[in-house]
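The values are calculated or read from the model by the stated rules, or taken from the named source; none is laboratory data. It should be emphasised that the depicted structure is a prediction, and the values quoted were computed from it without experimental measurement. Cβ sites come from the backbone with ideal geometry, for glycine too, and all protein chains shown count toward neighbours.
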Amino acid sequence: MTLKKENKDINFWVVIPARLKSTRFPEKMLANIFGKSMISRVVEKAIISGASRVIVATDSEKIKRAISKYNADCIMTSEDHPTGSDRICEALEKAGADSNQVIVNLQGDEPLISPDTVKHLAILKANCLEDVTTVVSKFESTEEIVDPNCVKVVTTEGDQALYFSRAIIPFNRDAGLASVNTKESSYLKHIGIYSFYAGSLKEYVANGECNLEKLEKLEQLRWLWMGKKIKVLRDNFSGSTGVDTEEDLKKVESYLTKLKNN
């Protein structure tokens with residue numbers, strides 16, 4: 001999707017859900033990346049994006065202290081939220097967000113995310129009729145395509161999302177797995193960053209989990225189940241490298257080391 005209108009002065013908020021507990025990587029938000037916590041690096045990217053307000057929605061005093069020096073708000077939320085969307089919804093209510101406020105949901109485990117991607121996603125939301133905007137990119141390897149931790153998405157000709165899955169979609173019936181490679185342009189990788197109006201999120205949370213969401217463990221499927229439209233922004237330079245494990249953290253450190261040495 002190429003933006004027809006780029007309003008650089010758009011008023012948008014970035015909200016970063018950041019819980020302390022994590023099954024695969026305990027306290028990953030506080031993981032040290034060359035002298036800075038991971039959540040601090042994400043907050044820095046959000047500020048650089050041009051957001052008029054940056055909010056960290058958390059259940060942890062430790063996370064609150066980690067970002068205390070930044071020009072960002074920290075709103076304490078319940079420890080019992082089942083999803084990051086629920087946590088953001090509580091934070092927006094406490095922040096007094098207008099229902100028409102453009103929000104970018106930025107995950108707290110994306111230390112390499114491009115600030116431009118954040119900004120362009122908000123601009124797209126402000127200038128499209130779809131309920132939600134999100135980001136897709138090309139896959140970097142065949143291993144990523146077959147990895148269920150890398151979410152795939154299929155779209156319409158007009159760049160609306162049809163479905164998200166951990167399975168390989170679309171699936172070539174005739175060639176099977178032999179056809180899976182990065183040269184096949186039909187494979188799109190979903191990047192888990194979203195933009196929507198604050199009022200839309202309240203409706204989303206009120207609906208509760210749907211069966212598709214429970215099966216795939218993908219929150220975005222609830223939007224589609226509700227009949228909402230999701231516009232995708234094609235961005236192969238998002239810098240997205242979500243950190244779910246210590247191995248992921250090593251990849252981030254390796255990238256930053258190479259960047260520093262070049």
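A few notes on this one:
- Residue in segment 86-93 that is over 12 Å from the mean Cα position of the chain (by Cα), closer than 25 Å to Met29 by Cβ and modelled with pLDDT under 95 present: no
- Filtering segment 34-47 to residues that are touching a helix residue (DSSP H, G or I) at 6+ places or on another chain (Cβ under 6 Å) and surrounded by fewer than 18 Cβ atoms within 10 Å (Cβ to Cβ) leaves nothing.
- Within segment 106-119, residues that are closer than 8 Å to Val42 by Cα reach partners that are aromatic (Phe, Trp, Tyr) with beta carbons closer than 8 Å, at six or more positions or on different chains, in the pairs Leu112/Tyr255.
- Scope segment 220-248; condition at pLDDT 95 or above and either of a type in the set (S, T, N, Q) or assigned to a strand (DSSP E or B) (or both); matching residues: Gln220, Ile230, Lys231, Val232, Leu233, Arg234
- Residues that are under 28 Å from Ile103 (Cβ atoms), among the polar types (S, T, N, Q) and surrounded by fewer than 15 Cβ atoms within 10 Å (Cβ to Cβ) within segment 123-159 comprise Asn149, Thr156, listed in sequence order.
- Extreme residue, surrounded by the fewest Cβ atoms within 10 Å (Cβ to Cβ), among residues of segment 237-262 that are more than 13 Å from Leu112 (Cβ to Cβ) and either touching a residue at least 12 places away in the same chain (Cβ under 8 Å) or touching a helix residue (DSSP H, G or I) at 6+ places or on another chain (Cβ under 8 Å) (or both): Glu246
- Unique residue being more than 29 Å from Arg222 (Cβ to Cβ), in contact with a helix residue (DSSP H, G or I) (Cβ under 8 Å, 6 or more places away or on another chain) and among the basic types (Lys, Arg) when the list is Lys62, Lys28: Lys62
- Any hit, segment 16-27, residues being within 19 Å of Val132 (Cα to Cα), within 16 Å of the chain's Cα centre (by Cα), modelled with pLDDT under 95 and outside any loop (DSSP other than H, G, I, E, B): no
- The listed residue being under 16 Å from the mean Cα position of the chain (by Cα), of a type in the set (Lys, Arg) and not in a loop (DSSP other than H, G, I, E, B), out of Arg41, Arg65: Arg41
- Residues being of a type in the set (Gly, Ala, Ser), over 19 Å from Lys119 (Cβ atoms) and buried (at least 17 other Cβ atoms within 10 Å of the Cβ) - total across segment 48-71: 3
- Residue within segment 204-219 that is under 24 Å from Val14 (Cβ atoms), assigned to a loop (DSSP other than H, G, I, E, B), in contact (Cβ under 8 Å) with a residue 40 or more places away in the chain and under 14 Å from the mean Cα position of the chain (by Cα) present: yes
- Criterion (closer than 30 Å to Leu30 by Cβ, touching a Phe, Trp or Tyr at 6+ places or on another chain (Cβ under 6 Å) and surrounded by 13 or more Cβ atoms within 10 Å (Cβ to Cβ)) met by exactly one of Leu201, Leu218: Leu218
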